[in-house]
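**Q** Below is a structure I'd like to ask you about.
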Amino acid sequence: MMQRAVADSFRKLNPRWMVRNPVMFVVEVGSLLTTALWIQALLGPGEAPAGFIGTVSLWLWFTVLFANFSEALAEGRGKAQAEALRRTRKETQARKLRQPHRDAAFDMVLSSALHQGDVFLVEGGDTIPADGEVIQGIASVDESAVTGESAPVIRESGGDRSAVTGGTRLLSDWLIIRVTANPGEGFLDRMISLIEGAKRQKTPNEIALNILLAAFTIIFLVVCMTLLPYSIYAVEAAGQGTPVTITVLIALLVCLIPTTIGGLLSAIGIAGMDRMIQRNVIAMSGRAVEAAGDVDVLLLDKTGTITLGNRQAVEFVPVRSVDVRDLAEAAQLASLADETPEGRSIVVLAKEQFGLRGRTVGAGDDMHDGMHFVPFTAQTRISGVDLNGTSIRKGAPDTMTALIQNAGNVIPPELRTSVDAIARTGGTPLVVTRNGAALGVIHLKDIVKGGINERFAHLRKMGIKTVMITGDNPLTAAAIAAEAGVDDFLAQATPEAKLKLIREYQAGGRLVAMTGDGTNDAPALAQADVAVAMNTGTQPAREAANMIDLDSNPTKLIEIVEIGKQLLMTRGSLTTFSISNDVAKYFAIIPAAFVSVYPALGALNFMHLATPQSAILSAVIFNALVIIALIPLALRGVPYRAVGAAQLLRDNLLIYGFGGLIAPFIGIKVIDMILVALNLA
Amino acid sequence: MTVNGILQIAIYLIVLLLLVKPLGGYMARVYQGERTALGRALGPIERLTYRLIGVNPEQEMGWKTYAVAVLVFSVFGMLFLYALQRLQGILPLNPEGLGDVSADSALNTAISFVSNTNWQGYGGETTMSYLTQMLGMTVQNFASAAAGMAILIAFIRGLVRHSTSTVGNFWVDLTRSVLYILLPLALVVAVMLVGLGVVQSFSPYQTATLVQPTVDATGNQVTEQTLAIGPAASQIAIKQLGTNGGGFFNTNSAHPFENPTPLTNFLEMLSILLIPAALCYTFGKMVNDTRQGWALLAAMLIMLVVFGVAAYAAEGAGNPRLTALGIDQAATNLLPGGNMEGKELRFGIPNSALWATITTAASNGSVNSMHDSFTPLGGLVPLVMMQFGEVVFGGVGSGLYGMLAFVIVAVFVAGLMVGRTPEYLGKKIESYEIKMAALLILIMPVTVLGLTALAVVTGPGKASVFNPGPHGFSEVLYGFTSMGNNNGSAFTGLGANTPFYNLFGALAMLIARFWLIVPTLALAGSLVRKKRVPTTAGTLPTHTPLFIGWLIVIVLIVGALNFLPALALGPIVEHLGL
């Protein structure tokens, strides 16, 4: 990787490439000019000793090369990844179906001949030839080529798991797939080109910063150009010394223009994208990464992000006449055949609290002896068991009250009280009955993820508002929102309500980020400024989003925001560093350039640099080396901490502003001492 | 430095600060069209003015229309002032029968006054008739100042309004600036100055018999002196208030008829910074966050105090060469001490150093002492105050909008450092804003450095330099710095009334004023379209001491990076060579 980066840094010397970066282009022109002056000095009387001009010229070339190297290095990481992807992207045979059903006739075609709308069949062991949507079948797919995750995932027609990616492999069964992307436009193709940075466009803030850097470059160009007439005048007036040489002016110019940030700017941008990729997030554009840093509002799905996926039973609340043990036992019996996580948690709770082992079942065949399970259906919204003439039921309070009343029983007042109390705390009450009489309530609770509270507190400090999106009723939602520590919530959320909420925030000038996976999330994803689709999500969701999370982990949004912020901070900090460096360089070069005319200016050389030549060389060398020294920082990014903006500014100013002021004084002095020790000065 | 001197500076600053809030609040009410006491009295005149010039005050302008109005207004002013000078020989109110002004000088002067520079290549009492002074100079003192204030107000509207496209009506802003702010203040100050002994008369110049006859350069006996007088007080009041600075008499505010006593000196110094300082509060009031205005005022004030004290210290310490000769330069009860060359005894060192600092901090440019005679470091202060781009108070209006360009750059870099797309007062700072702000910061050093370079290598440029060496270089640099920043103060020592300096100076003044007005209004036009972003904990606060410090650092660093090499070859090497 290193070798290729070195080779690339020479390749990038091509002026047509360099001109994209005005700061480094000026350095390249300066290097060419000094090279010409060096040749002139070799061939005849030059404006200064050829050795001096040659050394300056050499280090100016190094400056350009170091900058190119940083960019090449940043690109290199992506390139290696892209190559691995490209290997999976090899040409395969596909069974293109004439009719969209399993037994239809098919033609064998090359994967590159599949176009949008074509339908093909894949069977176990095949590589899926193109991006598409499953229209028939269910199968397990190995998506490790894309996600790096080796566990297979299920793909099936309809619903939120219907999207397949070209280049992934079917492990079993079969699928009929409709192609959704033309050759060369597939997900993998887009990923490759994104990772390679081939289509990398400058982001808005990068453009603005480039303008500022260009302005500084123009100013310094004028400062250095006008120094020649000034020095000619000074020589005339003082009657001694020689005017400043072109070599020294070019050296001064290169030292002054913001080469540090100019040289590293594009590496910082690429590295930002790269950090996303390392966290298994594919950003569709650099603009999206940058926007992530600006996000004001995070819309987070409750389930999976804020709470663990499933509710758990935490308490049995019996009515007055019933023993709690009795209730637990009934609840456990009713849940034995319930495979949902909620049902499991009831069994577990009963076992943990009362040592109940579901003794009447488990011994396999007992089940048939008069034990009859009633599964949950959307119509009845009740489940339970019939056992030796006893019927145990559990279900949501409203349907269960009807059941109790139909059985001719009264509803104990304390049942209502417990149901309301549980709902108020954000829990879900399940009423349990035996033979139509109320036994009590099971308290199912959403379990808020550990540590999530602190994360939201951090986000608040970063100035980001968190909004929980849930289908729950407002009462439950409010309780969970309070427990998790989110700033706001949207209860009984529909896709329309989500879209409306996003639009409202945006109208107020806020930038909104959200995650989503379902097709019904697509409109909201398209509207959000930063939209992260889960890789497990549907094709419409993945297309509407501007980032795709290959791990399908909704909490990752928080990391994405941090990466966006890091990107901007790295640019800002290195700009500050670069400009504050200039002060020391003035003190090195100004006395060196004019001491022959005005010896009094030697007083400004308080670093006591050995000779004018060594002073200029030290400044130029420092300027080149600092680029190399900062490459790791540019690639890694300035660390982000969730503290207020004022404190971040203070810390970064201290490190990069004040540090930038001091560091070159030390660096230049040390380089000067080395030059003297090596007898080069 | 003496306790007395420091006290004088402190009292000046305290009185200035006490006036900021009342005047600033009043100006905000004027520009926002709210009810004021003067409004009731002068309202009919305002409405009559609109009817006379055919302007509908309700008609809002986009930034381009606004800029065209400013330019048209300025071009008319320029042509009028040029014609007035060229024709003054045949026009009335010319008791001394002064002839027409030469073409290049008239052009330079016309541009100079319209651009609020008031660089004077001419001597007032020997060149300009009373009519030219009153109808030309004084009118432009009002007009150019009012135009600067109007542009600032348009810029502030760009920040305050959102999701719209208009920034106000130039003719309304101009009329209100003159009618409600400049005229009443000028009237008060002029009457006070007359009361304190400043000349105000239409009589011809007076002749006095010398008590102690002398001989002139050719050896002839001189027994009489001509005392130039004229309608001076009315012009001086507005010359200070409008940060114009063009003197009625050649020696400007050092002249005893322009500035006779320490008290008039105090009043005139107060007038110089009064409006620029109060406009900071107006800004805060108009953006609904007075802390923002105080922050900018604090940044300006800190720089003013630091550099003012530096100038005072340098002048108070005197000339090291004289110290080396054993000459006592210490201040005592009977002696001012320090470097008194080129200073008026009635003002002494603190008031001369303070004046030099504030007249260059604000783009006023009137002088009460000769900056050319300051010690190198003392002279460096007025030079760098201008080289910061006239943003430390600066011209009325123009200083604050210049500072706001620096604020945009400061906010941009700082905003990146906290990891957000930068915003100022809820407006996102994006590439267009940076482009305009960069232009605003870039144009000045390019003009100043470029024209100085031209002057020191060409024959006509060098011919006017009477002190070769670093000091002569300082004089040329000072001249173009002054014109390239619309300041107008002269270092003197440079023969500037030549076609070379008149024409290239005119160019510098035109660029400094009008090339900056267009990007400023374009910036306003872009900001006004933007949505307003709500403030969160992630928003960079722009009113804290930290931000004030950062803003100062940006102004200092940009100024130093632009001019340090040039300064090294001028005042710095001169100082080191002492």
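**Q** Tell me yes or no: at least one residue of the stretch B:510-520 is polar (S, T, N, Q), more than 14 Å from chain A (Cβ to nearest Cβ) and part of a loop (DSSP other than H, G, I, E, B).
**A** No, that holds for no residue.
**Q** Could you list, in sequence order, the residues of the stretch A:231-257 that are surrounded by fewer than 24 Cβ atoms within 10 Å (Cβ to Cβ) and facing chain B (nearest Cβ under 9 Å)?
**A** A:I232, A:E236, A:A237, A:A238 - these are the residues of the stretch A:231-257 that are surrounded by fewer than 24 Cβ atoms within 10 Å (Cβ to Cβ) and facing chain B (nearest Cβ under 9 Å).
**Q** Taking the stretch A:283-313 as the region of interest, how many residues are part of a helix (DSSP H, G or I) and of a type in the set (G, A, S)?
**A** 6
**Q** So which residues in the stretch B:526-540 are assigned to a helix (DSSP H, G or I) and surrounded by fewer than 24 Cβ atoms within 10 Å (Cβ to Cβ)?
**A** B:S526, B:R529
**Q** What do you reckon, is B:A568 over 27 Å from B:N118 (Cα atoms), free of Cβ contacts under 8 Å to residues at least 60 places away in the same chain and within 14 Å of another protein chain (Cβ to nearest Cβ)?
**A** yes
**Q** Given the condition within 14 Å of chain A (Cβ to nearest Cβ) and of a type in the set (A, V, I, L, M, F, W, C), answer yes or no: does some residue in the stretch B:523-531 qualify?
**A** yes
**Q** Criterion first (within 20 Å of A:P204 (Cβ to Cβ) and modelled with pLDDT under 95) does A:A267 satisfy it?
**A** So A:A267 fits the description; yes.
**Q** Within the stretch B:314-339, track down each residue that is within 14 Å of B:H575 (Cα to Cα) and of a type in the set (G, A, S).
**A** Listed by number, the residues that qualify are B:A314, B:A317, B:G318.
Yes/no matrix, rows are residues, columns are (1) surrounded by fewer than 24 Cβ atoms within 10 Å (Cβ to Cβ); (2) over 20 Å from B:Q88 (Cβ atoms); (3) not hydrophobic (A, V, I, L, M, F, W, C):
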{"position": "B:T175", "(1), (2), (3)": "yes, yes, yes"}
{"position": "B:A208", "(1), (2), (3)": "yes, yes, no"}
{"position": "B:A217", "(1), (2), (3)": "yes, yes, no"}
{"position": "B:Q240", "(1), (2), (3)": "no, yes, yes"}
{"position": "B:G245", "(1), (2), (3)": "no, yes, yes"}
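**Q** Among the residues of the stretch A:506-544, how many are small (G, A, S) and part of a strand (DSSP E or B)?
**A** Final tally of qualifying residues: 4.
**Q** Mind checking which strands (runs of 3 or more DSSP E) fall wholly inside the stretch A:81-134 and carry at least 2 residues that are exposed (fewer than 13 other Cβ atoms within 10 Å of the Cβ)?
**A** Where strands (runs of 3 or more DSSP E) fall fully within the stretch A:81-134 and carry at least 2 residues being exposed (fewer than 13 other Cβ atoms within 10 Å of the Cβ), they are A:106-110.
**Q** Could you go through the stretch B:541-550 and let me know if any residue there is closer than 29 Å to B:L273 by Cβ, crowded, with 22+ Cβ neighbours inside 10 Å and either polar (S, T, N, Q) or more than 12 Å from chain A (Cβ to nearest Cβ) (or both).
**A** Checking the stretch B:541-550: at least one residue is closer than 29 Å to B:L273 by Cβ, crowded, with 22+ Cβ neighbours inside 10 Å and either polar (S, T, N, Q) or more than 12 Å from chain A (Cβ to nearest Cβ) (or both).
**Q** Among the listed residues A:L221, A:L227, which satisfies the condition of being on the phi < 0 side of the Ramachandran plot, in a helix (DSSP H, G or I) and crowded, with 19+ Cβ neighbours inside 10 Å?
**A** A:L227
**Q** Mind listing just one residue for me: the one in the stretch A:567-579 that is facing another protein chain (nearest Cβ under 7 Å) and among the polar types (S, T, N, Q) and, of those, nearest to A:R460 (Cα to Cα)?
**A** Result: A:S573.
**Q** All but one of (1) surrounded by fewer than 18 Cβ atoms within 10 Å (Cβ to Cβ); (2) away from every other protein chain (no Cβ under 14 Å) hold for A:L654, so report the exception by its number.
**A** (2)
**Q** Next up: Quick one: in the stretch A:563-596, which of the residues that are touching a Phe, Trp or Tyr at 6+ places or on another chain (Cβ under 6 Å) and buried (at least 24 other Cβ atoms within 10 Å of the Cβ) is modelled with the lowest pLDDT?
**A** The qualifying residue modelled with the lowest pLDDT is A:K565.
**Q** Which of the residues belonging to the stretch A:206-227 are in contact with a Pro (Cβ under 8 Å, 6 or more places away or on another chain) and within 7 Å of another protein chain (Cβ to nearest Cβ)?
**A** A:I219, A:V222, A:V223, A:L227, listed by residue number.
**Q** Of the residues B:V194, B:V167, B:V172, B:V189, which single one is of a type in the set (V, I, T) and without any contact (Cβ under 8 Å) to a residue 60 or more places away in the chain?
**A** Within the list B:V194, B:V167, B:V172, B:V189, the selection yields B:V194.
**Q** Tell me which of these A:G436 doesn't satisfy, since it passes every other one: (1) modelled with pLDDT of 85 or more; (2) on the phi > 0 side of the Ramachandran plot; (3) buried (at least 17 other Cβ atoms within 10 Å of the Cβ).
**A** The one condition A:G436 does not meet is (3).
**Q** Has the stretch A:160-179 got at least one residue that is farther than 25 Å from A:G516 by Cβ, in contact with a helix residue (DSSP H, G or I) (Cβ under 6 Å, 6 or more places away or on another chain) and in a strand (DSSP E or B)?
**A** No, there is no match, as no residue in the stretch A:160-179 is farther than 25 Å from A:G516 by Cβ, in contact with a helix residue (DSSP H, G or I) (Cβ under 6 Å, 6 or more places away or on another chain) and in a strand (DSSP E or B).
**Q** Identify the single condition in (1) part of a helix (DSSP H, G or I); (2) surrounded by fewer than 17 Cβ atoms within 10 Å (Cβ to Cβ); (3) touching a residue at least 60 places away in the same chain (Cβ under 8 Å); (4) not hydrophobic (A, V, I, L, M, F, W, C) that A:R320 does not satisfy, given that it satisfies every other one.
**A** Every condition holds for A:R320 apart from (1).
**Q** Return the total of residues in the stretch B:451-493 being within 10 Å of chain A (Cβ to nearest Cβ) and surrounded by fewer than 19 Cβ atoms within 10 Å (Cβ to Cβ).
**A** Residues in the stretch B:451-493 being within 10 Å of chain A (Cβ to nearest Cβ) and surrounded by fewer than 19 Cβ atoms within 10 Å (Cβ to Cβ): 6 in total.
**Q** Can you tell me which of A:I464, A:I447, A:I442, A:I502 is away from chain B (no Cβ under 14 Å), buried (at least 19 other Cβ atoms within 10 Å of the Cβ), touching a residue at least 12 places away in the same chain (Cβ under 8 Å) and over 20 Å from A:D398 (Cα atoms)?
**A** The unique qualifying residue is A:I502.
**Q** Moving to a separate point now. Just to be sure I understand, how many residues within the stretch B:50-79 are in a helix (DSSP H, G or I) and closer than 16 Å to B:A147 by Cα?
**A** Total satisfying the criteria: 16.
**Q** If you scan the stretch B:329-363, which residues turn out to be of a type in the set (A, V, I, L, M, F, W, C) and either in a loop (DSSP other than H, G, I, E, B) or surrounded by fewer than 22 Cβ atoms within 10 Å (Cβ to Cβ) (or both)?
**A** Residues satisfying the conditions are B:A330, B:A331, B:L334, B:L335, B:M340, B:L345, B:F347, B:A362.
**Q** Looking at B:I572, is it surrounded by 21 or more Cβ atoms within 10 Å (Cβ to Cβ) and part of a helix (DSSP H, G or I)?
**A** It is true that B:I572 is surrounded by 21 or more Cβ atoms within 10 Å (Cβ to Cβ) and part of a helix (DSSP H, G or I).
The values are calculated or read from the model by the stated rules, or taken from the named source; none is laboratory data. Here the structure is a predicted model, which means the values were calculated and not measured. Glycine gets a Cβ as well: all are built from the backbone with ideal geometry, and neighbour counts include every protein chain shown.
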